[in-house]
1. Just give me the residues in the stretch A:64-77 being within 18 Å of B:Lys7 (Cβ to Cβ) and either hydroxyl-bearing (Ser, Thr, Tyr) or away from every other protein chain (no Cβ under 12 Å) (or both), in sequence order.
2. Inspect all residues belonging to the stretch A:55-67 and state whether any of them is closer than 26 Å to A:Phe152 by Cβ and surrounded by 21 or more Cβ atoms within 10 Å (Cβ to Cβ).
3. For the list (1) in a loop (DSSP other than H, G, I, E, B); (2) within 23 Å of B:Leu95 (Cβ to Cβ); (3) modelled with pLDDT of 90 or more, I need the number of the one condition that B:Val146 fails.
4. Identify, from the list A:Asp117, A:Asp108, A:Asp59, A:Asp93, the residue that is at pLDDT 90 or above and acidic (Asp, Glu).
5. In the stretch B:172-224, what residues are surrounded by fewer than 16 Cβ atoms within 10 Å (Cβ to Cβ), farther than 20 Å from B:Asn138 by Cα and of a type in the set (Val, Ile, Thr)?
6. Can you confirm whether the stretch A:44-53 contains a residue that is exposed (fewer than 14 other Cβ atoms within 10 Å of the Cβ) and away from every other protein chain (no Cβ under 12 Å)?
7. Restricting to the stretch B:125-143, give me the number of residues that are in a loop (DSSP other than H, G, I, E, B), without any contact (Cβ under 8 Å) to a residue 40 or more places away in the chain and under 19 Å from B:Leu92 (Cα atoms).
8. Out of A:Arg67, A:Arg80, I need the residue that is free of Cβ contacts under 8 Å to residues at least 24 places away in the same chain and either of a type in the set (S, T, N, Q) or not in a loop (DSSP other than H, G, I, E, B) (or both). Which one?
Amino acid sequence: MASEPSDEALAARVARKDIAAFAILYDRYARRVYAWSAHMVGTAEAEDVVQESFLRLWDKAEQFDARRGRFASWFLAIARHQVIRQLRRRGVDRRVIAADEIERVLGDAIASGRELDEEASSHESSAAVLGALASLPTEQRRVIVLAYFAGFTQSAIAKITGAPLGTVKKRTRLALQKLRERLADALGSGWTETG
Amino acid sequence: MANEDMKEFDESGVAEELPGALAMASPHRQPTELRGRVLRAAEARAGRSRGFRLDAALFRPLGAIATLILVTALIVWNLQLQQGLADERTLLQQLRENARESVIFEVVDSPGSQKEMLRAVGPGRPGEDPPYGKVYTNANHSEVVVMGGRLPNPVAGHEYRLYLTDRSGAIVNVGVLKVDASGFGYLIYQSGMRGPAYPAARLYLQPSGATSPGGTLVLAFTAP
């Protein structure tokens with residue numbers, strides 16, 4: 001049976017304006033971008049974020065260099081930029097409320113026993129990270145969500161949470177370390193650091 | 001987030017898994033029509049892009065050539081303009097130094113003055129600037145002032161003679177243009193009418209005493 005084409009191979013085809021390859025990448029990543037955007041900027045604007053992110057992929061695919069990193073990192077950085085661009089129109093309070101909702105959803109994911117959307121990500125690693133996020137202490141999960149999903153700097157997180165900057169940095173470091181360890185455990189020795 | 005903060009996430013190797021984890025846990029589902037909309041937008045953009053690339057590929061070289069031609073033409077035109085102005089200044093300076101008749105300056109340098117450029121005809125002499133001249137008339141005067149510059153001294157038995165063509169097509173033998181050692185010469189022609197106008201002028205190098213155009217055409221002007 002033929003194996004699925006890698007994201008990197010598909011990106012190379014998108015650079016040549018292969019719409020079929022573009023559609024496959026859309027199916028692999030749109031759900032992630034939409035869920036993130038819907039939580040942070042609302043469902044209506046989430047559609048704009050998804051469309052803009054993928055059109056940037058379409059326009060800029062030739063700039064992706066597989067020797068410098070994985071496609072997922074490259075594309076999700078584009079999506080993240082689009083989300084944060086939309087977030088800048090909102091006040092800090094609304095961003096914090098949206099981030100808190102994400103933190104609650106992640107925290108409840110395993111404990112609530114609610115059925116997870118297995119189609120959302122084809123990566124086993126996402127499930128491992130979700131499990132790790134759910135098991136993190138609340139304050140550590142919160143700094144991850146505020147930093148990554150809501151785009152706050154560590155200084156801003158210190159002000160939002162009322163914790164000293166050093167504490168925020170320590171929580172971030174510990175959280176990332178646990179996520180990384182959990183990911184390595186889940187994926188076995190085949191997993192390698194991409195950074 | 002500051003780049004430095006994000007770097008820590010990137011180096012951890014888990015950042016790219018975070019959106020997938022959220023998507024698994026999130027109740028939000030994208031609208032089914034969004035996929036088609038995005039794909040259509042990409043295809044539409046591809047069509048525009050192909051068209052643009054085709055147009056750009058076609059017109060970019062043409063644009064460069066057109067720009068080159070335009071720039072070259074402007075440079076040539078500017079050089080000719082500068083040369084014409086320099087020639088005119090030289091002629092007028094020589095006229096001031098040589099002319100004694102005050103009417104010349106009234107024709108040449110007063111309101112109502114009209115001038116036409118006499119240009120060299122035929123191949124130039126290697127290493128030398130071509131001869132040139134001016135024909136001045138004035139709406140308030142009946143005299144015609146003709147000047148020439150850089151004219152080689154005529155060989156023995158020859159002279160420069162100017163012929164004007166009036167509006168009826170009649171050719172008028174204006175007279176001899178005598179040149180000095182520098183190649184400068186001028187003459188004044190009394191037309192007998194106020195504000196004369198001539199659509200053509202010819203300066204010939206011809207045997208002395210000629211009465212009609214002939215010999216070597218040296219300078220000429222014809223109104224467009």
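The values are calculated or read from the model by the stated rules, or taken from the named source; none is laboratory data. In this text the structure is predicted, and so the values were computed from the model without any measurement. Please note: Cβ atoms are built from the backbone with ideal geometry, for glycine as well, and neighbour counts cover all protein chains shown.
1. A:Ser73, the sole residue that qualifies.
2. Yes, the stretch A:55-67 has at least one match.
3. Every condition holds for B:Val146 apart from (1).
4. That would be A:Asp59, the only listed residue that is at pLDDT 90 or above and acidic (Asp, Glu).
5. B:Thr211, B:Thr216
6. No, the stretch A:44-53 contains no residue that is exposed (fewer than 14 other Cβ atoms within 10 Å of the Cβ) and away from every other protein chain (no Cβ under 12 Å).
7. Total meeting the criteria: 2.
8. A:Arg67
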